[in-house]
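Engineer: Handing you a structure now.
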Amino acid sequence: MVRLARAAVALHDHADRPYDERIGAVTANVGVLRGGAAPNVVPDAAELLLDLCTVPGPDTQRLRSLVGELAGDGVQVEDHVVLPPVDTAADDPFVDLVRSSLKTVGLDDAPAPPARYFTDASVLAGLLGNGPGAADPTVILGPGETAQCHVVDEWCLAGRVEQATELYQDLLDRWCGSPR
């Protein structure tokens, strides 16, 4: 357990992570650290789950190797879920479509910085793409406050949900060829 606790600190504190100009650095969150049965019993095993959010560019095998190096000897590294980052260019026509709908419902249409957290878009973009590894243009567009994403007791104001409903209706009308 001590070895894994040291690995958690090393993984959390490592500063030289791959970096992307638009998105920033790869992030690492030690989300789960567990092991042992009682304070007076040496654990026979321990588990650490690390949420590693990648950026476009770095080789996943290189990242996996880096995690192994940082974790140290005696720590086995295995993949749990491996998904590419969502990366749609700001000048993609779908982004323009979304921006038009945002303006129509009175919301800020300026593209937000890329999401630094997991969303279902990581899974769905690849599934909806035209072939293996080809993601369709994807915009993460949901109600709520970014600071509330993936935190304990996450919440969203009801007014934001109503705003999103209006936005989605306008976006679907535009996408299907029948703008309001």
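Engineer: Are any residues in region 68-87 open to solvent by 50 Å² or more (accessible area, probe 1.4 Å) and in contact with a Ser or Thr (Cβ under 6 Å, 6 or more places away or on another chain), and if so, which ones?
Structural biologist: Leu83
Engineer: Please find, within region 27-44, the residue that is farthest from Tyr117 (Cα to Cα) out of those that are free of Cβ contacts under 8 Å to residues at least 12 places away in the same chain and open to solvent by less than 80 Å² (accessible area, probe 1.4 Å).
Structural biologist: Val41
Engineer: Going through region 5-26 one residue at a time, which ones are in contact with a helix residue (DSSP H, G or I) (Cβ under 8 Å, 6 or more places away or on another chain) and open to solvent by less than 20 Å² (accessible area, probe 1.4 Å)?
Structural biologist: Ala7, Leu11, Val26, listed by residue number.
Engineer: Taking region 88-141, which residues are at pLDDT below 90, over 18 Å from the mean Cα position of the chain (by Cα) and open to solvent by less than 30 Å² (accessible area, probe 1.4 Å)?
Structural biologist: Gly129
Residues are listed down the side, and each one gets a yes or a no for (1) within 17 Å of the chain's Cα centre (by Cα); (2) assigned to a strand (DSSP E or B); (3) modelled with pLDDT under 90:
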| position | (1), (2), (3) |
| --- | --- |
| Arg3 | no, no, yes |
| Ala8 | no, no, no |
| Arg22 | yes, no, yes |
| Pro39 | no, no, no |
| Asp51 | yes, yes, yes |
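Engineer: Can you name the number of the only condition in (1) within 21 Å of Pro56 (Cα to Cα); (2) at pLDDT below 85 that Gly144 fails?
Structural biologist: Result: Gly144 passes all but (1).
Engineer: Show the residue pairs meeting these rules: Cβ distance below 7 Å; 6+ apart or different chains; first residue within region 89-106 and under 18 Å from Asp136 (Cβ atoms) and among the acidic types (Asp, Glu); second residue at pLDDT below 90 and open to solvent by 40 Å² or more (accessible area, probe 1.4 Å).
Structural biologist: Asp92/Pro137
Engineer: Same structure, new question: Just a yes or no: is a residue in region 57-70 assigned to a strand (DSSP E or B) and out of contact with any helix residue (DSSP H, G or I) (no Cβ under 9 Å at 6 or more places or on another chain)?
Structural biologist: no
The values are calculated or read from the model by the stated rules, or taken from the named source; none is laboratory data. This structure is a prediction, so every number in the text was calculated from the model and none was measured. All Cβ positions, glycine included, derive from the backbone under ideal geometry; neighbour counts span all protein chains shown. To get the accessible areas, we keep the full protein, side chains included, count just its heavy atoms, and leave off ligands, DNA and RNA. Shrake-Rupley method; radii C 1.70, N 1.55, O 1.52, S 1.80 Å.
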